[in-house]
Amino acid sequence: MTTVFPADKFKSLRTPFYYYDIGLLNETLNAICSETEKYANCHIHYAVKANANQRILSIIAKRGLGADCVSGGEILAAVKAGFPSEKIVFAGVGKADWEIRTALDNNIFCFNVESVPELEAINIQAAQKGKVAPVALRINPEVDAHTHQHITTGKKENKFGINIDQLSDVLNVLKNQPSVKLTGIHFHIGSQITDMTPFQHLCERAAEIVQFIEKEGIFLENINFGGGLGIDYEHPENQLIPNFGEYFETFFRHFPARHGQQLHFEPGRSVVGQCGSLISNVLYVKEGSFKKFVILDAGFTELIRPALYDAYHKIENLTSALSPEEYDVVGPICESSDCFAIDLKMNKTRRNDLIALRSAGAYGEIMASQYNCRPLPDAFFSDEL
Ligand code: LLP
């Protein structure tokens, strides 16, 4: 399977825009569903933060997945797109009272709680509504995901989760919070993880933690392993659909789930990453004394990952079949970090060629900004053009 770009149809659309291959999204969802159906106790909550485009959300919701939200806005977007609220989990180190109330009003599945003051805040809000809030403790498992420092979350110095040495104290605090009920534990060690070893370590650590909590006489119904499965940015065509089989098998093989225990996952990037591309028009080819620059009408306002994380996105010229030349590919924003590639070999490029920045379906459109008073990008879908 490959993504086909209808460049002739693109010509009439205002660039830059996001283009979503809906066939690929559906195939990816097929792969997730067929892998997870193998396990009766497996539950998927799509991480809305990766892409909250309403059309994308509604396609995912129709397949029966739940949602992982990190703000009140995401909860509202997920509910609007058709995710059942009883499959919504709510994470994040800083939940505002209105967001907690929004979650309670929608009777979500679970709050993933990251600290004692948060636990107390949820207890107060739930008591005011006469409800008991289901909570999972997010525990920092101190497992190094060996990924980019800005997207690693499970090391002891990260701001996320409750440290293991504080777990006893937190369990004691819980005893005095009658409007919250502990139903599980939650982890997330980082993102763009392509080697299964860190996930295996997470399983081992999770098993120890479950044992520790069981000694307190508590049965944990839900173990949530977060997200993190990576995608192939270098060669998207080699693996348009991530290896979900290997990923889920790692957990079901290495984590000794108790009878009745449910395993939850929060994939984001692996669900939507490969189906989206940023399409941009070449404004100018500028021949400097040292370099040739391809200047796009897309910049870090539309795709911030290269500027923020040094991330690589494959770049293709959709309208040139000429022999390759070497370019720096840059955007129009007045900052030198607005650069997508240095010394890139790409088919000889001219003004008004169309360029695709691949693998941009996750953390692309949703992280766009209006810096320089630029309009937010449109989105178009393969089945609607
Ligand atoms: N669950 C939790 C608690 C998370 O913090 C995240 C991502 C996910 C699930 C989904 O992880 P995924 O399956 O997508 O790896 N903007 C960055 C990525 C930030 C990820 C933040 N947390 C990027 O563009 O690479």
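Pull up segment 275-306, narrow it to residues that are open to solvent by 10 Å² or more (accessible area, probe 1.4 Å) and of a type in the set (S, T, N, Q), then point me to the one that is farthest from the ligand (Cβ to nearest atom). Checked segment 275-306; the qualifying residue farthest from the ligand (Cβ to nearest atom) is Ser289. Can you find a residue that is within 26 Å of the chain's Cα centre (by Cα) and surrounded by fewer than 16 Cβ atoms within 10 Å (Cβ to Cβ) anywhere in segment 353-365? No: zero hits. Tallying residues that are under 29 Å from Pro256 (Cβ atoms) and touching a residue at least 40 places away in the same chain (Cβ under 8 Å) within segment 30-59 yields 13.
For Val70, indicate whether it is open to solvent by 40 Å² or more (accessible area, probe 1.4 Å), within 16 Å of the ligand (Cβ to nearest atom) and not assigned by TED's automatic domain parsing to the domain that holds Gly361. So Val70 passes the test. Just name the residue that is farthest from the chain's Cα centre (by Cα) out of those in segment 6-34 that are over 17 Å from Asn352 (Cα atoms) and open to solvent by 40 Å² or more (accessible area, probe 1.4 Å). So, considering only residues that are over 17 Å from Asn352 (Cα atoms) and open to solvent by 40 Å² or more (accessible area, probe 1.4 Å), the one farthest from the chain's Cα centre (by Cα) is Ser34. Based on this model, can you work out whether Val70 counts as within 23 Å of Val89 (Cα to Cα) and in contact with a Gly (Cβ under 6 Å, 6 or more places away or on another chain)? It is true that Val70 is within 23 Å of Val89 (Cα to Cα) and in contact with a Gly (Cβ under 6 Å, 6 or more places away or on another chain). When Ser323 is tested against (1) over 16 Å from Ser369 (Cβ atoms); (2) among the hydroxyl-bearing types (Ser, Thr, Tyr); (3) in contact with a Ser or Thr (Cβ under 8 Å, 6 or more places away or on another chain), just one condition goes unmet, and that condition is (3). Going by what's in this entry, would Phe90 be described as in the same structural domain as Ser34 (by TED's automatic domain parsing) and in contact (Cβ under 8 Å) with a residue 40 or more places away in the chain? Answer is no for this residue.
Can you name the residue in segment 40-60 that is part of a helix (DSSP H, G or I) and open to solvent by less than 10 Å² (accessible area, probe 1.4 Å) and, of all such residues, is nearest to Ile366 (Cα to Cα)?
If we filter segment 40-60 for residues that are part of a helix (DSSP H, G or I), which is where we start, we get 48-50, 54-60.
This time we only want the ones that are open to solvent by less than 10 Å² (accessible area, probe 1.4 Å), so: 48, 50, 56-57, 60.
Details: Val48: 10, Ala50: 7, Ile56: 12, Leu57: 12, Ile60: 16 Å.
Restricting to residues being part of a helix (DSSP H, G or I) and open to solvent by less than 10 Å² (accessible area, probe 1.4 Å), the top hit is Ala50.
The values are calculated or read from the model by the stated rules, or taken from the named source; none is laboratory data. On a predicted model such as this, the values are computed, not experimentally measured, just so you know. Note that we place each Cβ from the backbone using ideal geometry, even for glycine, and neighbour counts take in every protein chain shown. When the accessible area is computed, the model is the full protein with side chains, heavy atoms only, and any ligands, DNA or RNA have been set aside. Shrake-Rupley method; radii C 1.70, N 1.55, O 1.52, S 1.80 Å.
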